[in-house]
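The values are calculated or read from the model by the stated rules, or taken from the named source; none is laboratory data. This structure is a prediction, so every number in the text was calculated from the model and none was measured. Quick note on the areas: whole protein, heavy atoms, side chains included, nothing else; ligands and nucleic acids left out. Shrake-Rupley method; radii C 1.70, N 1.55, O 1.52, S 1.80 Å.
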Amino acid sequence: MLSKKIINLISKGLTCFIPSKNYRKTLRSKIKNSLWIIKTRYLFSSIHNSKLKQKTMKKFLNFIEIEVFSFCNRQCHFCPNSKVDRHSKNEFMPEETYISILKSLQEIDYDGCVSYSRYNEPLADRIILTRIKQARQYLPNAFLYSHTNGDYLNR
């Protein structure tokens with residue numbers, strides 16, 4: 001466990017080369033706060049208090065990637081899909097699972113990013129439009145976006 005003395009030594013060691021006293025002091029304070037967060041017990045053990053669990057999740061969860069189906073129309077050499085068959089069969093995430101994820105995020109008033117891309121081509125199936133509409137209903141403050149190779153775009 002990090003003691004107060006160790007936290008002070010770390011913050012001084014990381015900032016000792018900063019010439020501006022005010023900036024050094026501000027940065028030391030931020031480092032101490034960051035290290036204090038790391039030190040706190042609830043990050044490393046089960047959280048039984050539901051309010052604390054939600055608060056912790058809200059604070060540290062800011063980016064989520066979701067694949068609502070598996071199909072990809074390409075096999076780029078740098079992608080794991082070049083070694084896995086994602087052409088012949090398209091596996092869909094069950095809607096119940098997807099809605100369950102959205103409801104969990106809604107409970108903490110999630111306002112981070114939700115990306116609809118990973119190792120698939122999100123625009124290859126029109127179900128993505130339904131899933132984005134559902135996400136907007138449950139997560140009105142979230143930033144929804146996707147990366148696409150553009151093959152399915154037209155005017």
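Normalised by the number of residues in region 65-155, the average gap of Cα pairs under 8 Å and 6 or more apart makes the relative contact order 37 percent.
Ranking of 123, 105 by solvent-accessible surface, largest first: 123, 105 (1.4 Å probe, protein heavy atoms only, all chains present). Ranked by solvent-accessible area (1.4 Å probe, protein heavy atoms only, all chains present), the residues 143, 69 order from largest to smallest as 143, 69.
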